[in-house]
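Inspection log for the structure reproduced underneath, given as structure tokens.
Computed from the coordinates by the stated procedures, all read-outs in this text should not be read as laboratory data. Keep in mind that what you see is a predicted model, and the values were worked out from it rather than measured. Cβ sites come from the backbone with ideal geometry, for glycine too, and all protein chains shown count toward neighbours.
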Amino acid sequence: MVRERIFEEMAQAVIDGLPDKARALAHDAIQAGIDPLEAIERGFKAGMDVVGDGFAKGELFIPDLMMSGEAMKAAIAALEPELMKRKQQRQVLGRVVIGTVQGDIHEIGKTLVATMLAASGFEVHDLGVDVSPQRFVDMVRQVDANVVGLSALLTTTLLNQETVILTLKEAGLRDKVKVIVGGVPASPEWAEEIGADGYAENATEAVEVVKRMVGV
Amino acid sequence: MNMRANYQVNATPQFRVLSEDQIEEIYFSALEVLERVGMRIYSEEGVALLRDAGSRVQGDRVWIPSWLVQEALTTVPSRIVIAGRDRNKRVYLEKDKIYFGTGSDCPSLVDPYTDAVRKYTFDDVYNAARISDALPHIDFHMSLGLTSGVLAQTYDRHQFLAMLKGTSKPLVITAVDREGLADQYQMACEVLGGPEEFARLPLFVVYIEPSSPLNHSVEAVEKLLYSAEKGIPMIYTPCTMCGATAPMTMAGGMVQCLAECLVGVVLSQLRRKGAAVIIGGVGSIMDMSTSILSYGAPEMVLLSAAMTDVAKWLRLPMFSTAGCSDSKVLDQQAAIESAVSVVVAALSGANLIHDVGYLESGLLGSFDMLVMSNEVIGLAKRILSGITVTPETLAVDVIERVGPGGQYLTQEHTRRHFRAETWLPTLMDRQMRRGWEASGRKTMADRVRAKVLDILEHHQPMPIPAEVEARLKAIVAEADARHAS
């Protein structure tokens, strides 16, 4: 009974987009001996699902989604040590490495995609902006990523999406990871030209494409 | 505490066409026209009232002295409130409070199912009212269509019944003559439960039109006097065509328009002090290639806004015009003319902004144009709501928190403000190309028509009790019987 109430509060904290509240509830759950996996599934993620539905129906908007994503992130970060202690792994749809390619400091599109992917149940490793091809490769190897997402806003830096793909090939990782590209100058034709596996026009489409890539 | 001196706030954008000196010149010129040129008043009752009050009279020609106008202006109210069948749906006709609504009496419509252009029937007039009823930015309703298939001398009662059934919003009606107005007043009293409630909060305003230049028909004057007696607020405004029924110059057109409106103010106050009068009207040009009265001309937009300046200076409610077009279909021209006129009329601060939905220079009452213009009004209202400047909205702390290279999407500040700061469109398409293509490559016209059909198929207005409707139908039937022979 009390546990049910805690799960509801967790969901609500995510729906309301309150990272501090979500973090506090995560700590409370650990204190109370609640299984962190259950806290994620029945609590926080349940809230995220509500927000996702609202966005799909046009009732909620990007800022709602982003703040809920932040709350979700805060909760998971707080539960992470307990998961390690219990040698548990949370169920994720896949692991995604994402970043804006070298020479480009445009953040917003990539951040939107990263948040939407995390909100949809992916484990997301956001490398930030101006990311060198080698850093992409290292991270893909380190987390055993299923998908790597490459963002670029400038026509001049778009070319570096291809450089990352070539670097992945040299490292012998290209067959192990799917590549999705995005950004204003990118296009399905460009994705095909450089041998990427997919392209998305916006963050919502990116989630669909990445889900297809991992077979869900 | 942070004290500051001489700080001014613009809660909305500031817009006006005329200076106070220019307004005064137009007003004095109108007084000069009334006193020196005079008017033709076809109603003997009207002439007698004006003569007894001190006007010079020769047959049906009446010269109205300035002092009589000034006296009338001291008793005519500067605010009027009306409410629909739903008594909570009110419009406050007070300086700078804006409301949009349809126009009346277009002969034709485009059938939304067949695209055929045909005459308005009772059902079409009912449907037009349902569409206004469903649209959030339409605050009052005029018939949009002229009911065909009934007697010309009683069409107004049929039309009023269709409007009453279709919407619970406040109405602006037209009337064939005094008798037609009396019947509709009786119908309104049936709906409200008696004349006391009508007097307390009128259900409709009646639209009465003098005939430019400087003519006032017997029907117009009789309706005016009846309205004054019964406490029915009235719009007394001409449709001046600059270059044809009024001087070609904008200022001259305004002088004549104002003089004609002021006849309504004087006559109404002579009949009953405190009678409510709304001035303004459709001021536009005759298009000198085609001879039409243009409903899309920039001159109409400008004249409407300038006349609003005059009305506000006189502290009288203003009947203005926007959301209409000379185009025959819902095309780019219709969108341009709707958008420009709606934005300017909104900025001007006119009270009853009518003719939303007119195409073909007022001959075609278009459901599509009405629905599209509703979206334009929503957009215009966002512009009107201006920019709030406070420490919270200046957001320096948020800028500091985010810093160079960060982003604002995950700031609580963003979520706190985006709903109030941004207008959320319902018909504008902002998808990216692939999404737009995937959803059927729909144009604005496609999306507008889909919304029209959705409203027609689903919107249910507040019902009228069956016994009340039966009494309304009886009044209409009696009028038909009187005129059948």
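A few points about this structure:
- Label zone at B:Asn10, where the point sits 7 Å out along the Cα-to-Cβ direction: segment B:302-332 residues whose backbone N lies under 19 Å: B:305-306, B:309
- Loop-resident sites, segment A:1-82, for trypsin sites (Lys or Arg not before Pro), counting at most 12 other Cβ within 10 Å (DSSP): A:Lys57
- Beta bridge orientation in segment B:151-309: antiparallel %, DSSP, nearest 5: 15 percent
- A convex hull fitted around the alpha carbon atoms of chain A yields 117 Å³ per residue.
- Only Lys, Arg, Asp and Glu carry charge here, each on its Cβ (+1 for the first two, -1 for the last two); on that basis the protein assembly as shown has a dipole of about 940 debye about its Cα centre.
- Of A:Leu83, A:Leu158, A:Leu18, the residue with the greatest mean-square motion in the GNM of chain A, using alpha carbon springs below 10 Å, is A:Leu83.
- The mean of 1/r over all pairs of different alpha-carbon atoms in chain B, once inverted, gives a Kirkwood hydrodynamic radius of 23.7 Å.
- Helix-only mean residue ellipticity at 222 nm for chain B, each DSSP H run of n ≥ 4 adding -39500 (n - 2.57), per residue, nearest 500: -14500 deg cm²/dmol
- Average beta carbon contacts from partner chains per residue of A:45-52, 10 Å cutoff: 0
- In chain A, the longest principal axis of the Cα atoms and the axis of helix A:155-170 are about 80 degrees apart.
- 23 Å Cα-Cα threshold exceeded, pairs from A:Lys85/A:Lys110; A:Lys87/A:Lys169; B:Lys119/B:Lys230; B:Lys89/B:Lys381; A:Lys87/A:Lys176: A:Lys85/A:Lys110; A:Lys87/A:Lys169; B:Lys119/B:Lys230; A:Lys87/A:Lys176
- Here the contact order of segment B:80-384, divided by its residue count and restricted to Cα pairs under 8 Å and six or more residues apart, works out to 20 percent.
- Sorted by Cβ density within 10 Å, fewest first, the residues B:His354, B:His459: B:His459, B:His354
- The residue among B:Val342, B:Ile464, A:Leu159 whose Cα reaches farthest toward the positive pole of the charge dipole of the protein assembly as shown, with charges on the beta-carbon of Lys, Arg, Asp and Glu, is B:Ile464.
- Prolate/oblate/rounded call for segment B:432-485, Cα gyration tensor, a/c under 1.5 rounded: prolate
- Of A:Lys21/A:Lys73; A:Lys45/A:Lys73; A:Lys45/A:Lys178; A:Lys45/A:Lys211; B:Lys97/B:Lys451, those spanning more than 20 Å from alpha-carbon to alpha-carbon: A:Lys45/A:Lys178; B:Lys97/B:Lys451
- Prolate/oblate/rounded call for segment B:104-154, Cα gyration tensor, a/c under 1.5 rounded: oblate
- For segment B:373-455, size of Cβ-based charge dipole, Lys and Arg +1, Asp and Glu -1, in debye: 420 debye
- Computed E for A:Phe61/B:Ala244 - FRET, C-beta separation, R0 30 angstrom, nearest 0.05: 0.05
- To the nearest ten degrees, helix B:178-192 and the longest principal axis of the Cα atoms of chain B are 50 degrees apart.
- Highest-MSF residue in chain A out of A:Gly109, A:Gly54, A:Gly43 [GNM, Cα springs under 10 Å]: A:Gly54
- Computed over every Cα-Cα pair of segment A:95-213 and binned at 10 Å starting from 0, the pair-distance distribution P(r) comes out as 16, 55, 29, 0 percent.
- Fully extended contour minus Cα-Cα distance, from B:Leu201 to B:Val117, at 0.36 nm per residue: 26.4 nm
- Acute angle (nearest 10 degrees) that the helix B:412-421 long axis makes with the longest principal axis of chain B, alpha-carbon atoms: 20 degrees
- Cβ neighbours within 10 Å from other chains - mean over B:3-15: 0
- Positive-pole candidate from B:Tyr226, B:Leu161, A:Gly54, dipole of the protein assembly as shown, charges at beta carbon: A:Gly54
- Beta bridges per DSSP, both residues in the protein assembly as shown: antiparallel share near 25 percent.
- Each Lys or Arg adds one and each Asp or Glu subtracts one; over the other residues with Cβ under 15 Å from the Cβ of B:Ala450, this totals -2.
- Which of A:His106, B:His216 has the fewest Cβ neighbours within 10 Å, and the rest in rising order: A:His106, B:His216
- If the convex hull is drawn through the Cα atoms of segment B:1-62, its volume per residue in Å³: 201 Å³
- Most mobile listed residue (A:Asp126, A:Asp53, A:Asp104) in chain A, GNM with C-alpha springs under 10 Å: A:Asp53
- Peptide A:63-76 is shielded by partner chain Cβ atoms: per residue, an average of 3 of them sit within 10 Å of its Cβ.
- Theoretical ellipticity at 222 nm over chain A - DSSP helices of four or more residues, -39500 (n - 2.57) apiece, nearest 500: -17500 deg cm²/dmol
- The DSSP beta bridges internal to chain B are antiparallel in roughly 40% of cases.
- Using Cβ point charges alone (K and R +1, D and E -1), the dipole size of segment A:2-85 about the Cα centre works out to roughly 120 debye.
- The protein assembly as shown: equivalent-ellipsoid semi-axes (sqrt of 5 x gyration tensor eigenvalues, Cα, Å): 63, 27, 25
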